[in-house]
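Reviewing the structure listed below.
The values are calculated or read from the model by the stated rules, or taken from the named source; none is laboratory data. What you see is a predicted model; the values in this text were computed from it and never measured. With ideal geometry, Cβ positions are generated from the backbone for all residues, glycine too; neighbour counts draw on all protein chains shown. The accessibility values were calculated without ligands, DNA or RNA, using every heavy atom of the protein model including side chains. Shrake-Rupley method; radii C 1.70, N 1.55, O 1.52, S 1.80 Å.
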Amino acid sequence: MVLQILRRVHLAELITKYMEEVNAEKAEVETKKAEVKAKKAAAKIGRRPLTARDIEEVEADKAAPKGGRQPTVKERFVNLLFPHIVKYTSKYTRKGKKTGKGKKTGKGKKGGEG
């Protein structure tokens, strides 16, 4: 009985910690987007022309590799609570180099000389 209560408390703590992380990530992304929009709007209005540094930042953001498919909130939550059932993608696994069958010694289709 006590173990069940402790486990529930621990799960509740994990859930709150996870939700705080998710909210922090969302806030960080939104502030970055807002900064970029503000710079672009200021440039359009003409209050301040884009400087070379601003242009470099915009180009760097465009050139940065996109992360691909991000796990959903549900997937991240399940992975956090049940790490033993995580399905790893090729990004996380290392596949060995495939070796060929080797050099074929046959001469022609029937194996005889031409």
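Quick grid of which residues meet (1) of a type in the set (S, T, N, Q); (2) open to solvent by 90 Å² or more (accessible area, probe 1.4 Å):
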residue	(1), (2)
M1	no, yes
L6	no, yes
H10	no, yes
T16	yes, no
E20	no, yes
E25	no, no
T31	yes, no
K37	no, yes
K44	no, yes
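So for segment 60-82 (the condition being of a type in the set (F, W, Y), at pLDDT 80 or above and open to solvent by 80 Å² or more (accessible area, probe 1.4 Å)), does at least one residue qualify?
Yes, the conditions are met somewhere in segment 60-82.
Residue under question is K95, and the condition is that it be farther than 26 Å from E20 by Cβ and at pLDDT below 70; does it hold? It would help to see each step written out before you state the result.
Values: farther than 26 Å from E20 by Cβ: yes; at pLDDT below 70: yes.
Yes, satisfied.
For segment 26-67, how many residues meet the condition of being more than 30 Å from E13 (Cα to Cα), under 22 Å from the mean Cα position of the chain (by Cα) and small (G, A, S)? Show your work before the answer.
Going through segment 26-67, the residues more than 30 Å from E13 (Cα to Cα) turn out to be 33-66.
Then drop every residue that is not under 22 Å from the mean Cα position of the chain (by Cα), which leaves 33-34, 36, 57-66.
Remaining after also requiring small (G, A, S): 34, 60, 63-64.
Counting residues in segment 26-67 that are more than 30 Å from E13 (Cα to Cα), under 22 Å from the mean Cα position of the chain (by Cα) and small (G, A, S) gives 4.
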